[in-house]
Amino acid sequence: MDHLKIIKTPEEHEAALERLMALMEADPEEGSREADELEVLAMLIDQYEQRQFPIDLPDPVSAIRFRMEQQGLKNKDLVPFIGSASKVSEVLNGVRPLSLNMIRRLSHGLGIPADILVQEPVQEAASERAIDWQAFPLAEMRKRSYFEGFEDSLPELKEYAAEWLTRLFRSVRGGFDLEPALLRTTAHLRTNEKVSDPYALWAWQARVLQKAAERQLPCTYVKGTVTLEWMQNLSRLSWSDKGPELAREYLEKAGIHLVIEPHLPKTYLDGAVCVGTNDSPVIALTLRHERLDNFWFTLMHELAHVALHLDGSEAWFIDNLDAESGDDKEQQADALAQLALLPDNIDFREITLATSVRKLASELNISPVIVAGRIRHETGNHRLFGSAFREKVTIRTDY
């Protein structure tokens, strides 16, 4: 047996077969040196042939038809597994692909091995994960065009939810890494007594990354760019009626993405920041309050996280700014955001007249809505100044 070795070439395979036949004709006694050689040689030949001549799995439709023939089943007998007579016909004729839901029902009900039915890469990826695909807010995600290329009905999306969601998560950097552990996000999350839906939050994060990846920035982000002075220069753009759009341009020229993506139901978000492709910061705002002052403070809060905290130890900072937070990082971000917008040597509680708001805003070269918003926050009187200084945000949301 000293000459036995792994078979690597057709010539070695042919020689091994000749030796195998000779040993089989000799019919060696069990336990003899020749019998052991026969057993090892057969194993080496089998390994080579599996590598060189793999047997393809039957295609899923052929496997289903074979099982139907074995069990004497008609098309109508597949309705419980595939969904309707028309769907059965479409699947058997190769017009409709099997969904992961169908595969699981067919495997369980007819005993067809799942690995025969799962042959599409996206299905393989989905089948490896124990995820409740139906727990995602599919109706809202469909409404907002989360799934590029999907133009069918909601029931159709629910049937193929595993496949479409897998495509979404695989299309973005670290999409599956966002999966919440034990249904709790691993991100730095600022929230209150309202419990965020982890599936909706996960989908929203993936959508933010998807939109950021679709937009090419003019330059690469340089760590340390975001400073107090840089943020103060940005805040002065608020004086323009086009302030939010100018802010986006300002950020993009520094290699920072600004994504506007409304929050999904039960997520209660104002904003978030993470690291996207090429290590560029991605700031996402939901504009759930739609007020201009809220836009500027949330933007500055997320930029403060970039300046102070986005160092790789935290993947995401996700913020509900209605929530009070005793967290050190959140308090630091609040303080830097406030300082970037307005000086800290002003007693805002003493300003009660609209004319005074406008005068101070003019002196600081900043939007009066920011001044008024700070006064309302400091005094706790959100009815102050009536309907004045309550402008809505105007900014493109399609990227």
Check your understanding: How far apart, in nm, are two points set 7 Å out from the Cα along the Cα-to-Cβ line at D327 and at T227?
Key -> 2.8
Check your understanding: Which number comes out as Rg/Rh for the chain once both Rg and the Kirkwood Rh are worked out on C-alpha atoms?
Key -> 1.20
Practice item. Kindly list the residues of the stretch 116-131 that lie in the label zone of Q71, defined by a backbone N under 20 Å from the point 7 Å along the Cα-to-C-beta vector. Key: 116-119
Practice item. Tally the DSSP beta bridges in the chain and give the antiparallel ones as a percent, rounded to 5. Key: 60
Practice item. Kindly provide the pair-distance distribution of the stretch 10-52 built from C-alpha pairs, with 10 Å bins from 0 and whole-percent values in order of increasing distance. Key: 29, 53, 17, 1
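Distance cut-off 24 Å, Cα to Cα: go down the list K211/K253; K359/K392; K223/K392 and report the pairs above it.
K223/K392
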Check your understanding: For the chain, what is the calculated [θ] at 222 nm in deg cm²/dmol (nearest 500), taking -39500 (n - 2.57) for each run of four or more DSSP H residues and dividing by its residue count?
Key -> -14500 deg cm²/dmol
Practice item. Could you run the Debye sum over the Cα atoms of the stretch 206-270, one equal point scatterer each and no solvent, and tell me log10 of I(q)/I(0) at q = 0.27 Å⁻¹, two decimals? Key: -1.17
Practice item. Using only Cα atoms, locate the centre of the stretch 274-300 and the centre of the stretch 196-255, then give the distance between them in Å, rounded to an integer. Key: 6
Practice item. Please sort 282-290, 171-179 by packing, taking for each peptide the average over its residues of neighbouring beta carbons within 10 angstrom, highest first. Key: 282-290, 171-179
Check your understanding: Using Cα atoms only, what is the angle between the long axis of helix 10-26 and the major principal axis of the chain, expressed in degrees (0 to 90) to the nearest 10?
Key -> 40
Exercise for review: Please list, or write none, the lysines whose alpha carbon is within less than 25 Å of the alpha carbon of K87, excluding same-chain residues fewer than 8 places away.
Suggested key: K74, K76, K143, K158
Check your understanding: Any idea what the relative contact order of the chain is, in percent, if you count C-alpha pairs under 8 Å spaced at least 6 apart?
Key -> 12
**Study point:** Full-extension gain in nm, A35 to E11, via 0.36 nm per residue minus C-alpha separation
**Key:** 6.3 nm
**Study point:** Crossing angle, helix 243-252 versus the chain [Cα axis fit, 0-90 degrees, rounded to tens]
**Key:** 50
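In a shell of Cβ-Cβ distance under 13 Å around W239, excluding W239 itself, what net charge do Lys and Arg (+1) and Asp and Glu (-1) give?
Numbers: positive: R236, K242, R358; negative: D241, E363, E391.
Once all neighbours under 13 Å are counted, the net charge is 0.
Work out, step by step, the length gained on full extension between L4 and S84: first 0.36 nm times the residue separation, then minus their alpha carbon distance; give nm to one decimal.
On the way: separation 80, 0.36 × 80 = 28.80 nm, distance 5.73 nm.
Taking L4 through S84 to full extension adds about 23.1 nm, to one decimal.
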Check your understanding: If you take the C-alpha gyration tensor of the stretch 29-181, multiply each eigenvalue by 5 and take the square root, what semi-axes do you get, largest first, in whole Å?
Key -> 39, 24, 13
Practice item. In a Gaussian network model over the chain where Cα atoms closer than 10 Å are linked, find which of Q50, Q205, Q119 has the largest mean-square fluctuation. Key: Q50
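Report D for the stretch 198-349 in µm² per second (integer): Stokes-Einstein, Kirkwood Rh on Cα pairs, 4 °C, 1.567 mPa s.
It diffuses with D of about 83 µm²/s by this estimate.
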Review point. Mind checking which of D46, D270, D344 has the largest fluctuation in a GNM of the chain, springs on alpha carbons under 10 Å?
Key: D46
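FYI, it's all coordinate maths here, none of it is from the lab. Predicted model, so just to flag it, every value in this text is computed and none were measured. Methodologically, a virtual Cβ is constructed for each residue, glycine included, from the backbone with ideal geometry; neighbour enumeration extends over all protein chains shown.
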